[in-house]
1. Please work out if N335 is polar (S, T, N, Q), on the phi > 0 side of the Ramachandran plot and either in contact with a His (Cβ under 9 Å, 6 or more places away or on another chain) or modelled with pLDDT under 95 (or both).
2. Within region 246-285, track down each residue that is among the polar types (S, T, N, Q) and surrounded by 12 or more Cβ atoms within 10 Å (Cβ to Cβ).
3. Taking strands (runs of 3 or more DSSP E) that fall entirely within region 226-296, which contain at least 1 residues that are in the same structural domain as A163 (by TED's automatic domain parsing) and within 16 Å of ligand 1 (Cβ to nearest atom)?
4. What are the pairs, 6+ residues apart or on separate chains, where a residue within region 260-271 that is among the polar types (S, T, N, Q) has its Cβ under 9 Å from a residue that is in a loop (DSSP other than H, G, I, E, B)?
5. Can you say whether F325 is outside the structural domain of A178 (by TED's automatic domain parsing), touching a residue at least 60 places away in the same chain (Cβ under 8 Å), in a helix (DSSP H, G or I) and closer than 27 Å to E176 by Cβ, as far as the supplied structure shows?
6. Checking V113 against (1) assigned to a helix (DSSP H, G or I); (2) in contact (Cβ under 8 Å) with a residue 40 or more places away in the chain; (3) away from ligand 2 (no atom under 16 Å from the Cβ); (4) assigned by TED's automatic domain parsing to the domain that holds L298, only one condition comes out false. Which one?
7. Pick from A199, A185: which is within 10 Å of ligand 1 (Cβ to nearest atom), modelled with pLDDT under 95 and under 24 Å from the mean Cα position of the chain (by Cα)?
8. Which residue is farthest from the chain's Cα centre (by Cα), if the candidates are limited to region 301-322 and must be within 24 Å of N162 (Cα to Cα) and assigned to a helix (DSSP H, G or I)?
Amino acid sequence: MAKILLAEDDEIMRISVYDRLQKHGWQVDEAENGLKALALTEKNQYHLIISDIRMPGLDGLSLLRNVQKQSPETDVIIMTAYGSVDDAIECLRMGASDYILKPFDMDDLIIRVSRLLETQEVKNRCEALEESYRETNDRQLVGQSQPMQRVYSLISQAAPTNATILITGESGTGKELAARAIHKASNRRKKPFVSINCAAIPDGLMESELFGHERGAFTGADQKRKGKFELADNGTLLLDELGDLPGPLQAKLLRVLQENEFERVGGSKTVNVDVRIIACTSKDLQKEVEAGNFRQDLLYRLQVIPLEMPPLREHKEDIEELCSFFLQEFNSRHNKSVAITPEAIYNLKQYDFPGNVRELRNLMERASVLCGGPAITLADLPVKMDDPSGVTPEDFNLSSHVATIEQNCINRALLQTGGNRTEAARLLGISRKNLWEKMKGYGLE
Ligand SMILES: Nc1ncnc2c1ncn2[C@@H]1O[C@H](COP(=O)(O)OP(=O)(O)OP(=O)(O)O)[C@@H](O)[C@H]1O
Ligand SMILES: [Mg+2]
């Protein structure tokens, strides 16, 4: 509910305005002089202040000046008598939102107040949208390992060109993130980035999603509608899970890629577009070609520049940086300040992450929310992380398991003792010399 302060020394005037505002459902405080009004603004946050100009103690202009300093988002409406329009204009110049000449019609005041409050609401909503936009926009690829460096350098080389890029990689390796990074680094960055998930849209609707349709093209098409290609004009179009695009559309897509033009569903007009294509797939498209599910000519046309996202198990050295990046994100979202222990990081590094970075991210969100202490420990990780040896029932080779467990124990003991070998050997129950030999054997120095 909007909170309004009414400052007016004339009692009859004050009471009648007060009643009207209150009847309208706003919460109203009143002050019969400027000093009292000032005191109230210091205690309360008002959406709007309606103030007379001439008041005993402190006039409307000084009140306005103070409000501007304390709370610039508060709107101020100045009420003034006919003879002092100059003062009112001076108030507008000082930042008042509006003025109204006495005597006035109450409806006039109500309309002015409503408009200002509506504008405040729109401003707030814009800020919230900007904030959430910034959040999704802040998503960036993280990791300084060799495999990620290769990704970055390919992105920066390919981005400024208009070349079609095919991004491959297992699920959760950051293919979509890479596609966005390419768009952001290209000179199309200020134009739209549009994406379509070929696996999520029923075959029958796919053509109209991609190319749009004319009114009456099919039952239910009661409006002309633009497709993703038109929406992405001058920008970038991400074709996600491209391996799932139905055969007939593969042919149509090929034509668009070659000629930059197409027809809408149910239309005969040719539409021209300038769109940069990035395709993502977690399938092996060459295999799909061999199986007869994907057109060889389309694959050639798409993979002008191939970018392969590495699975997380091949750049485990990024796990620590990824963890802190995600923790920072979740801490600010959930208002926490959770860290992670070296032991927990160590254990994460033993795990193979079939779900790649997405799995690590989900794990960090869960652990940071559920974790009771200041840092995520082994106890906050899922049970599967508790068994770093990763013994599976199909794999019985004893000496390799023993070796893994031995290495893990040595590593953990060294972690816990901060690298002090005498201490570590004591924890492990072996001699210092024995520890040294084992470390040498495992290449752990
Ligand atoms: N290198 C990275 N740095 C930071 N976050 C990453 C990285 N890679 C992936 N992510 C995060 O992991 C999640 C999955 O990434 P993304 O959606 O890009 O993967 P994908 O390869 O498109 O997966 P899928 O094949 O399942 O669609 C996202 O939340 C993304 O922000
Ligand atoms: Mg994806």
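1. Yes, satisfied.
2. Answer for region 246-285, where residues must be among the polar types (S, T, N, Q) and surrounded by 12 or more Cβ atoms within 10 Å (Cβ to Cβ): Q250, N260, T281, S282.
3. It comes to 236-240, 276-281.
4. Short answer, once both residue conditions are applied: N260/V273; N260/D274; N260/V275; S268/E214.
5. Considered against the rule, which asks whether it is outside the structural domain of A178 (by TED's automatic domain parsing), touching a residue at least 60 places away in the same chain (Cβ under 8 Å), in a helix (DSSP H, G or I) and closer than 27 Å to E176 by Cβ, F325 comes out as yes.
6. Just one mismatch for V113, condition (4).
7. A199
8. R301
The values are calculated or read from the model by the stated rules, or taken from the named source; none is laboratory data. Bear in mind that the values here come from a model prediction, so they are computed numbers and not experimental data. When we count neighbours, we look across all protein chains shown, and the Cβ atoms used for this are built from the backbone with ideal geometry, even at glycine.
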